[in-house]
Amino acid sequence: MAADSRTILARSGIALGIRAGAPKPDIRTTDAVKRTLLASKSITYAKEGAGGVFFTDFMQKVGLTEGLKSTVRPTASGEEASAAVVRGEADFAVLPMSELLTIRGLEVAGTFPPDVQGYAVMVAGVSARSMRGAVARDLIKFVMAPAALPVLKKRGMERG
């Protein structure tokens with residue numbers, strides 16, 4: 001990647017997804033999130049995705065690793081995690097907000113509180129060997145333009 005082309009396009013906060021129509025839990029504070037998670041029957045996440053990396057660190061940071069050991073269900077992908085919630089096999093999916101908003105049958109319960117929040121960061125760049133580098137740079141400029149911000153927000157993202 002051409003070093004001068006690396007651009008952070010947006011970031012998406014990590015959130016809890018619930019089955020559409022399910023009661024929204026209180027997750028306004030870290031203590032409230034802990035209580036909610038400890039009371040759940042099953043929590044799923046994509047083990048190698050941004051949500052999984054965040055959630056593994058979160059559990060360790062707030063002392064929930066052992067308490068949730070029998071509750072967490074890592075999956076191979078965000079699609080699998082969200083599908084488990086839609087089917088009623090898990091109470092929560094831990095995924096970036098931008099992923100949760102696209103799943104039919106799923107609702108966003110909310111994002112993690114600011115003191116523990118994590119983000120999936122979207123980055124763009126141009127290959128140093130690109131034969132169309134100018135076009136790629138123009139695309140990055142287009143996505144970074146102020147007019148693109150409402151679209152990013154609608155998709156659960158913000159500027160980082």
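Just a few scattered comments:
- For the chain, a simple Cβ point-charge model (Lys and Arg +1, Asp and Glu -1, everything else neutral) yields a dipole of about 360 debye relative to the Cα centre.
- Amide proton proximity set for R73, modelled H, under 5 Å, gap of 5+: I43, T44, Y45
- GluC sites (Glu not before Pro) within region 63-160, DSSP loop, no more than 12 other Cβ atoms inside 10 Å: E66
- Residues listed by number, region 104-137, amide nitrogen under 13 Å from V53 label point at 7 Å toward C-beta: 118-123
- All other residues whose Cβ lies under 12 angstrom from that of G105 are scored, Lys and Arg at +1 and Asp and Glu at -1, for a net of +2.
- Fraction of accessible area attributable to carbon and sulfur, region 47-160 (%, probe 1.4 Å): 56 percent
- The chain - mean residue ellipticity at 222 nm from DSSP helices (-39,500 (n - 2.57) per run, n ≥ 4, rounded to 500): -9000 deg cm²/dmol
- Note on the chain: lysine pairs with Cα distance below 30 Å, sequence gap of 8 or more or different chains, count 22.
- In this structure region 22-79 gives 57 Å² per residue of accessible area when probed at 1.4 Å with all protein chains present.
- Sequentially through region 9-23, phi angles give Karplus couplings (6.51, -1.76, 1.60; θ = phi - 60°) of 7, 6, 9, 10, x, 7, 9, 9, x, 10, 5, 3, x, 5, x Hz, Gly and Pro residues having no value and appearing as x.
- Correct choice for volume of the Cα convex hull per residue in Å³ that was computed from the model, options [x] 130; [y] 116; [z] 105: [x]
The values are calculated or read from the model by the stated rules, or taken from the named source; none is laboratory data. Treat the numbers as computed from the prediction; the structure is a model and nothing was measured. Positions of Cβ are backbone-derived with ideal geometry, glycine not excepted, and every protein chain shown enters the neighbour counts. The area values use the complete protein model at the heavy-atom level, side chains included, leaving out ligands, DNA and RNA. Shrake-Rupley method; radii C 1.70, N 1.55, O 1.52, S 1.80 Å.
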